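To start, the structure under review is shown below, and the notes come after it.
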Amino acid sequence: MTNPNELPRPTDAELEILTVLWSRGPATVRDVHSVISRRRPAHYTTVLKLMQIMADKGLVKRDEKQRAHIYSASRPREWTQRQLAGDLLERAFAGSASSLLVGALAARKASAAELAELRKMLDEYEEDKR
Amino acid sequence: MTLDYWIASPLALALGRALAHFLWQGALLAAALRVALFLGAERSSRWRHRAATACLLAMPVAFGVTVALLLAGGGSSVASLTVAPRMVFDPAISQDTPAAPVDWLAWLAPLWIAGVILFYAFRLAGWVRVDRMRRRGVCAAPVEWQQRLRALAGAVRVSQPVVLLESCLATVPQVIGYWRPVILMPLGALAGLSAEQVEAILIHELAHIRRADYLVSLAQSLIEGLFFFHPAVWWIGAVVRAEREYACDDDVIALRPNARTYAAALTTLEQSRWLAIQAAAAANGGNLIGRVRRLLGESAPARVPSTRASALAGALVLVAGVAIVLMAWPAARSFAQAAPPAEAAADKQSPATEAEPAVRNIEELEKRLANKQKEIQEAEQSVAKAQELLQRNSAQLDLSMQNAGGHTHEMAQVEEQLRQAEDALKQVKGSQVGRSQEMLQQQERALQQAANQVQELANGKLDEALRTQQQRLARADMALHQAWAANGEKSMADIEKQLQQARNQLERLSESWSQQGDSELAQAQPPEAPRPQTATESESVYQKWLNEDIAYIITAEERRAFLAVKTDADRDQFIERFWRRRDPAPGNGANVFKQEYYRRIAYANQHFASSVPGWKTDRGRIYIIYGPPDEIDDHPNVPRQLWRYTQVSGLGDDVEIEFTDPGKTGELRMTAPPASHGSYWQVMVSVSDAAGSVARSLQAQGFPAIPYPVRADRPSLTQVLVGPYPDEASFAKAKAALEAAGFHPVRAQ
């Protein structure tokens, strides 16, 4: 097994394949290709080649028990996210990017205490309803 | 240096002042929004969001209008804007008191621009990063969710096609883009939430798209970057963000009334994000608690936490205070300095205030004196600059004189004028000290004008015009030359006319040039130093040309023709043609003959000068007429020099000319006829005719001729040697020819 510290940072194309694997779970090259090609045109052989390289790098694991090889991400999403977030540039501009964030949640994370309070509020609401 | 210039510009000052004004304008807008939010506490979040956005948008508008007013109105609008806050503190101050110029405020402008650029650079990098999230680490969401999204988009009335993607980089659901919007769901959110909850989140994001919140957020970023220094902007920005989320939450509840499910979905998302990246826990979270409390129908949350509200209020009061001080201080200072003594005396009758007018008068005088000294300094600087220009000008003139020897008279004239202007400027500068201030002012003004004019002279426009004219003239002259050759008298007359026109034009230009110089001198020069007449100057210039420059090569006919010419324009024309006739390749670039001729003069002056200029010496004369010898036998101790020419046109082959110094005068002289194989005829030349011109004339008639001094001690009395003739027959024939031409040849010894 590869040393986690030595696992290379995935390229953008590799990250896309990892995203599919994290989203859909272990999948064949054909499955991955069908998901990718829904967003952008992609050749099956390109995806196959990429995934073979990723297996060599240790980014994905290959299960060769069945006729169609089944791939899965070797690291959980959170691990890779932390790896990517460690990038200096990412950190430098994360704050600036967050001010442009438009979405359901604020850019700033809630603290543990706040999360606990949120949970409590939801529970109390539930009890009130009853 | 450029920054200094820019600082002095009206724009910099207007920007600086507008920035100072914005301190209170921003505070005022924030206060207005606070009041509006307080009054509209029961209003919808949509209304409150609009109010906050309007306030935010009003900021650049207020700033822009202020800048425009300051730029357009200048003093008056500044005064009116400045007086308003000042009145609060001192109603006694009259509105008519003009605000003193606040130059240091202009320095705010570059600082502000630097800050804005920095902010924008970061925001741009952030935007690039966000936009990259559209493509990086994403995959298409499952088909069933795409279909659900299309149905929901219809319900929320979003018309543009929306793409739903799962992202491994996004930690929270978010919208990117407006025209081609993308909804990013964090990986696992679609699987980890119930279908109902996912729908609620999607409605929230679709509401953002319909309300164009991404665009608003970009605009907000720009405005925040523009007024980064003002807390009011950040506070209003926070209000906009908060109310934006409330408004979208309201849209969700309108479509999916189960608030608890939605609140739970938000909480779950927040929790999963918290788990996703184990970063240090933020000290205070976003506004999620407030939102959930609001969704669950608890008491309306305090829109702004009280501690933050008081801090904000403090900051705003501080900013407004600074603004008022900035506005009022220069005005108060100017009031203290410039208020008329009578007003001050009327205020109070204490001895201190009575003394004030006198003090002020002294201050005023000191200030004036300082200004005056500064003006003198500036004038001196401009004089120095003018002198520099003059020097450069004369250097240029020197250069062009070498290049265009035929126009030495013009150049010399202008050079002389410039030199005189320089002298005059020096005199004026010298006489400045010790005169009265009024005199100084007058002198300075004159100097300034003179400097300006000298500058104009130096700007080369006239030079260029002259050059153009000269070129035209040269062309016309060439045409004339050709026409002459063709003997086409009619066309020649036309060309002559054309030439005359060009010449007149040139004359006018020269006139305007010299007039400019004259007026400049008239202004710069003290009246007691009269300037030499231009006419004599130009006369001497032509005289010099005739008797010095081309004395050795002009023919007798040409000389007579030149002396018959009356106007300077015609003389110029003559000189131009004189050179044109000798140009080996007319119209083909520079006149090689002329260049070589002036080079020889320069060489002679440099190498043969003794008590007389080099060109006047025997060696100089021979050098100028026949060029460098092919060989020189130099015996400096005797002293004796023997020059050998293998071939001299018009003189013969293997000519040897001996120069010695029998009288020990320190100057080598031609003491014997050039040694050659044959005999010479001597032709005496009257003093008024230059030997060179006679020699040339003889050469033109086919005689081998060379100018030759009669006596070593009287170089002005010259003769011309004609020869050598190798045999008696040709010698006798030459004598007959010379006599027929009106000379009286004598056999040379």
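No lab work stands behind these numbers, since they all come straight from the coordinates. Nothing here was measured: the structure is a model prediction, and the numbers come from that model. Positions of Cβ are generated from backbone atoms using ideal geometry, with glycine treated the same way; all protein chains shown enter the neighbour counts.
For B:Leu71 and B:Gln147, the difference between the fully extended length at 0.36 nm per residue and the C-alpha to C-alpha distance is 21.7 nm. A crude spin-label estimate for the pair B:Val638 and A:Ala113, with each label 7 Å from Cα along the Cβ direction, gives 11.8 nm. The H on the amide N of B:Arg640, modeled in the peptide plane, is under 5 Å from the matching H of B:His635, each at least 5 residues off or on a different chain. Legend: ranking of residues B:Tyr178, B:Tyr623, B:Tyr262 from fewest to most surrounding C-beta atoms inside 10 Å; resulting order B:Tyr178, B:Tyr623, B:Tyr262. Put in order of Cβ neighbour count within 10 Å, fewest first, the listed residues B:Val61, B:Val592, B:Val198 become B:Val61, B:Val592, B:Val198.
You can think of it this way: the chain between B:Asp727 and B:Lys664 has 19.1 nm of extra reach, that is 0.36 nm per residue less the Cα-Cα gap. Cross-linked pairs B:Lys594/B:Lys733; B:Lys616/B:Lys664; B:Lys566/B:Lys594: Cα-Cα separations exceed 29 Å for B:Lys594/B:Lys733.
Ranked by the mean number of other Cβ atoms within 10 Å per residue, highest first, peptides A:9-18, A:32-41 order as A:9-18, A:32-41.
A simple rule links phi to the HN-Hα coupling: the Karplus curve 6.51 cos²θ - 1.76 cosθ + 1.60 with θ = phi - 60°, which for the stretch B:232-237 gives 4, 5, 5, 5, 4, x Hz, with x for Gly and Pro.
Taking amide H positions as modeled 1.01 Å from N, with prolines and chain starts lacking one, the residues under 5 Å from B:Ser679 and 5 or more places away or on another chain are B:Tyr725.
Applied to the stretch B:137-142, the Karplus parametrisation 6.51 cos²θ - 1.76 cosθ + 1.60 on θ = phi - 60° returns per-residue 3J(HN,Hα) values of x, 10, 8, 4, 6, x Hz, with x for Gly and Pro. Label positions at B:Gln271 and B:Lys544, each projected 7 Å from the Cα along the C-beta direction, are separated by 10.4 nm.
Remark: the stretch B:21-38, residue by residue, has Karplus-estimated 3J(HN,Hα) of 4, 5, 4, 7, 4, x, 4, 5, 5, 4, 4, 4, 5, 4, 5, 4, 5, 5 Hz, where x stands for each Gly or Pro and the curve is 6.51 cos²θ - 1.76 cosθ + 1.60 at θ = phi - 60°.
Here the spin labels are modelled as points 7 Å beyond Cα on the Cα-Cβ line, and at B:Val612 and B:Ala121 they lie 7.6 nm apart.
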